[in-house]
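Notes to accompany the following structure.
The values are calculated or read from the model by the stated rules, or taken from the named source; none is laboratory data. Since the model is a prediction, treat every value here as computed from it, not as a measurement. Positions of Cβ are generated from backbone atoms using ideal geometry, with glycine treated the same way; all protein chains shown enter the neighbour counts.
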Amino acid sequence: MMISVDEALQIIERETPPLGSERVELAHALNRVIAEDIVADTDMPPFDRSQMDGYAVRASDTQNTPAKLTLIGESAAGRGFSGAISPGEAVRIMTGAPVPAGADAVQKIELTSETEDFVTIHEPTSEGRYIVPRAAEVQKGATVIARGELLSPISVAVPAAFGYANINVAKQPRVAILATGTEIVDISSKPNPDQIRNSNSLMLAALCSQAGAIPHILPTAGDDLAQLKQIIAEATQDCDILITTGGVSVGKYDLTKAALTELGAQLYFEKLRLKPGKPTVFAKLNKTFVFGLPGNPVSAAVTYYLFVRTAIRLMQSARETQLPAGHAILTGDVKAAPKRTTYLPATLATDAAGRLLATPLRWQGSSDFTTFAQTQALIIIPENTTIPSNTPAKIIHLPTP
Ligand code: AMP
Ligand code: MG
């Protein structure tokens with residue numbers, strides 16, 4: 001039975017379990033999915049903080065300028081002033097330092113002049129000026145990042161600020177990658193006229209790493225049922241996901257499905273109303289989820305993005321399991337295959353009016369990986385429809401490194 005992409009995703013969502021979490025040093029948590037809410041253990045800022053180098057004062061003392069105030073001390077970042085300011089007094093203060101008790105404003109250094117024991121304020125300041133009040137950014141006890149989010153190079157600063165030297169992150173799915181096909185040879189070999197270098201395995205391993213999984217490339221298998229059965233049986237002993245490429249269509253030597261069936265795997269789907277990627281297989285064997293992707297590199301990449309990436313994210317309990325979707329104006333007509341939702345590779349640009357444009361790639365079909373390599377987005381064309389140039393279409397953005 002042919003099912004839709006949405007139905008396939010529902011099955012994957014229903015079947016794929018979260019793998020649980022582990023505790024790691026924050027330095028090792030980058031690009032991992034956070035498995036606990038990050039809670040502020042202090043107010044931020046933890047004290048009334050000066051935004052300027054200058055003088056902490058009582059604003060009312062500066063209303064008639066020049067105002068000559070008695071300098072009673074200094075508050076530097078990391079070395080605050082312990083006393084309090086009384087009327088007619090000021091404290092020299094640095095950016096990031098705590099505003100002393102009694103002061104309610106700062107005047108910046110450019111508008112002052114200091115002489116021994118005194119500072120003259122040349123322009124009035126107002127209550128609260130140049131002060132970030134305690135807890136203005138974050139209150140102690142607030143959740144600052146929710147579980148399920150990805151720790152990015154920027155957001156890693158947040159758990160760092162709140163003392164998470166160690167952090168619970170989602171376990172990383174272990175993904176075995178098996179290229180199949182008697183014609184497939186290693187990257188380093190010089191192929192005979194009827195052979196093809198294995199470009200899928202490295203691409204899929206890189207895609208899996210990008211989604212937070214730990215990939216492991218297996219030696220290539222030929223189109224041989226007994227060999228396929230043995231390799232698949234072994235591979236599914238100790239990985240969470242097995243990706244195979246090739247051998248899932250209807251040719252005489254397309255044996256992946258037969259191998260899975262004979263091994264007793266549970267097949268969830270094997271045919272989709274999708275282009276490229278009609279013969280994509282999703283199965284389970286020995287607690288391992290198996291994605292049988294088509295061998296054509298473009299089909300393998302598209303079905304990886306739609307399905308395998310989703311499963312990898314689900315296993316990590318990520319909040320976002322789908323690539324970001326959006327809309328773009330098409331710069332050419334596009335047409336879906338009959339009865340198959342079509343994902344068309346495209347490049348993106350912005351026009352002078354700021355509109356996002358999607359240009360379908362001129363490609364030769366599912367095997368044209370060299371052109372596909374420029375893809376920035378996939379245009380989604382619902383089955384049986386044509387979308388004319390200059391109209392908006394739904395797209396999904398492919399991740400950049
Ligand atoms: P299949 O899905 O086995 O019918 O393969 C479809 C096409 O993809 C064939 O032209 C294969 O040679 C090609 N192909 C299969 N596996 C790979 C691979 N690992 N790397 C590059 N091309 C492949
Ligand atoms: Mg083949």
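Looking at the range 215-260, which of the residues that are of a type in the set (D, E, K, R) and in contact with a helix residue (DSSP H, G or I) (Cβ under 7 Å, 6 or more places away or on another chain) is nearest to ligand 1 (Cβ to nearest atom)? Don't jump to the end; show me each part of the working.
So in the range 215-260, the residues of a type in the set (D, E, K, R) come out as 223-224, 229, 234, 238, 240, 252, 254, 257.
Those left that are additionally in contact with a helix residue (DSSP H, G or I) (Cβ under 7 Å, 6 or more places away or on another chain): 229, 240.
Numbers: 229: 17, 240: 21 Å.
Across the range 215-260, the extreme among qualifying residues is 229.
This table checks each residue for (1) in contact with a strand residue (DSSP E or B) (Cβ under 8 Å, 6 or more places away or on another chain); (2) among the polar types (S, T, N, Q); (3) part of a strand (DSSP E or B).
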| site | (1), (2), (3) |
| --- | --- |
| 10 | no, yes, no |
| 13 | no, no, no |
| 24 | yes, no, yes |
| 27 | no, no, no |
| 42 | no, yes, no |
| 47 | yes, no, no |
| 60 | no, yes, no |
| 68 | yes, no, yes |
| 86 | no, yes, no |
Subject >> Spans of strands (runs of 3 or more DSSP E) in the range 114-189 with at least 1 residues modelled with pLDDT of 95 or more, buried (at least 19 other Cβ atoms within 10 Å of the Cβ) and within 16 Å of ligand 1 (Cβ to nearest atom) >> reply: 174-179
Subject >> The listed residue being modelled with pLDDT of 95 or more and not in a helix (DSSP H, G or I), out of 341, 310 >> reply: 341
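Are any residues in the range 348-373 polar (S, T, N, Q), surrounded by fewer than 16 Cβ atoms within 10 Å (Cβ to Cβ) and part of a strand (DSSP E or B), and if so, which ones?
So the first thing to find is which residues in the range 348-373 are polar (S, T, N, Q), and the list is 350, 359, 364, 366-367, 370-371.
Among the residues that remain, those that are also surrounded by fewer than 16 Cβ atoms within 10 Å (Cβ to Cβ) are: 350, 364, 367, 370-371.
Selection gives 350 alone.
Can we say residue 256 is within 25 Å of the chain's Cα centre (by Cα), within 16 Å of ligand 2 (Cβ to nearest atom), at pLDDT 95 or above and surrounded by 17 or more Cβ atoms within 10 Å (Cβ to Cβ)?
Working: within 25 Å of the chain's Cα centre (by Cα): no; within 16 Å of ligand 2 (Cβ to nearest atom): yes; at pLDDT 95 or above: yes; surrounded by 17 or more Cβ atoms within 10 Å (Cβ to Cβ): yes.
Taking the combined requirement at face value, the residue does not satisfy it.
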Original post:
In the range 213-253, what count of residues is obtained for those that are under 34 Å from the mean Cα position of the chain (by Cα) and either assigned to a loop (DSSP other than H, G, I, E, B) or touching a residue at least 60 places away in the same chain (Cβ under 8 Å) (or both)?
Top reply: 18
Subject >> Close pairs (7 angstrom Cβ cut-off, 6 or more residues apart or separate chains): part of a strand (DSSP E or B) in the range 284-301, basic (Lys, Arg) and more than 16 Å from ligand 1 (Cβ to nearest atom) anywhere >> reply: 290/284
Original post:
touching a Lys or Arg at 6+ places or on another chain (Cβ under 7 Å), of a type in the set (Val, Ile, Thr) and surrounded by fewer than 22 Cβ atoms within 10 Å (Cβ to Cβ) - does that describe any residue in the range 309-322?
Top reply: yes
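If the requirement is being closer than 27 Å to residue 170 by Cα and more than 16 Å from ligand 1 (Cβ to nearest atom), which of these qualifies: 336, 301, 325? Talk me through it step by step, then tell me what you get.
Details: 336 fails: closer than 27 Å to residue 170 by Cα; 301 fails: more than 16 Å from ligand 1 (Cβ to nearest atom).
After ruling out the rest, the residue left standing is 325.
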Original post:
Since residue 245 meets every condition but one in (1) within 12 Å of ligand 2 (Cβ to nearest atom); (2) in contact with an Asp or Glu (Cβ under 7 Å, 6 or more places away or on another chain); (3) under 12 Å from residue 290 (Cα atoms), which condition does it not meet?
Top reply: (2)
Original post:
Can you pull out the residues in the range 261-276 that are away from ligand 1 (no atom under 15 Å from the Cβ) and either under 26 Å from residue 337 (Cβ atoms) or crowded, with 16+ Cβ neighbours inside 10 Å (or both)?
Top reply: 263, 265, 267, 268, 269, 273
